[in-house]
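Report on the structure given below.
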Amino acid sequence: MDFYASGLFDKEEIEEIRKENNKKVQPWWDTFNKEDDRSVGIVAASLLDVLLEEIIRTFYVKDRHVSDLFKDDHMLMTFYSKINVAYYSGYIPKVIYHDLKIVCKVRNRFAHSLLAGLDFKEKTVVNLIQECELRPKTIDDIFAPKLKYILIVQQLAAHLIIISQAARKMRPQQFVEYINMEKWDFSEMTLTKPEVEKLLKESHRNLKRG
């Protein structure tokens, strides 16, 4: 999957995207080098969660209440819900959807396991990492699950940043915008008083028959 060869960006834009990529993710990589395995497993998913939210927001209506969808107990609060909404709305391809779900499972493994000292060498975590499509296959024969996980997250982050840039550049009109629905006079589509009275009478007769 080569976003750079898509024709959406010229050379200057590609360079800007690379700079933004480095600026956004470098602090995270620095954190990964300092933290234990459990922290890396959880924090890495948080990075991808933030990037996914940026993509989804790009396509949503420009309304100040959109932010509420990503808070508290609302429908887009969780990483898992963002993954599914992004894929089924057509914002991310299947290969990224597949690997994001695995990262979510790894994150949950570290976040909810009561095992003391849980690390990337644990069998369940190792097997999940091996299922990732974006894993560095050139080192499949080397047992380095933590390194592989960080490289997978790095690839996913880079792709999500590029998708976000592409979304902002070519965001299609929403249906409401396309048909200029905000300017419709919906009062003309409401029932008249005689029509409402007729419906009430028919409903009353049906109740009596029942």
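The values are calculated or read from the model by the stated rules, or taken from the named source; none is laboratory data. Because the structure is a prediction, the values reported are computed rather than measured. We place every Cβ from the backbone using ideal geometry, glycine too, and count neighbours over all the protein chains shown.
Being at pLDDT 80 or above and over 23 Å from the mean Cα position of the chain (by Cα) is the requirement here; does N206 meet it? No: the conditions fail for N206.
Each row is one residue, and each column tells you yes or no for (1) charged (D, E, K, R); (2) more than 23 Å from Q26 (Cβ to Cβ); (3) not in a helix (DSSP H, G or I).
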| site | (1), (2), (3) |
| --- | --- |
| A45 | no, no, no |
| L52 | no, no, no |
| K62 | yes, yes, yes |
| D72 | yes, yes, yes |
| A86 | no, yes, no |
| A111 | no, yes, no |
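In the stretch 78-95, the qualifying residues are those that are more than 17 Å from L47 (Cβ to Cβ) and hydrophobic (A, V, I, L, M, F, W, C), and the one that is farthest from the chain's Cα centre (by Cα) is V95. The residue that is farthest from the chain's Cα centre (by Cα), among those in the stretch 96-118 that are modelled with pLDDT of 95 or more and of a type in the set (A, V, I, L, M), is V106.
Of the listed requirements (1) part of a helix (DSSP H, G or I); (2) more than 25 Å from P27 (Cβ to Cβ); (3) without any contact (Cβ under 8 Å) to a residue 40 or more places away in the chain, G90 misses just one: (1).
For residues in the stretch 113-150 being aromatic (F, W, Y) and either out of contact with any Pro (no Cβ under 8 Å at 6 or more places or on another chain) or in a helix (DSSP H, G or I) (or both), which is surrounded by the fewest Cβ atoms within 10 Å (Cβ to Cβ)? That would be F143. If you go through the stretch 120-145 and keep only what is modelled with pLDDT of 90 or more and of a type in the set (D, E, K, R), you end up with K121, E122, K123, E131, E133.
Taking the conditions (1) at positive phi; (2) surrounded by 15 or more Cβ atoms within 10 Å (Cβ to Cβ); (3) not acidic (D, E) in turn, G90 satisfies each one other than (2).
Would you be able to say whether some residue in the stretch 119-134 is touching a residue at least 40 places away in the same chain (Cβ under 8 Å) and under 20 Å from the mean Cα position of the chain (by Cα)? Taking every residue of the stretch 119-134 in turn, none turns out to be touching a residue at least 40 places away in the same chain (Cβ under 8 Å) and under 20 Å from the mean Cα position of the chain (by Cα).
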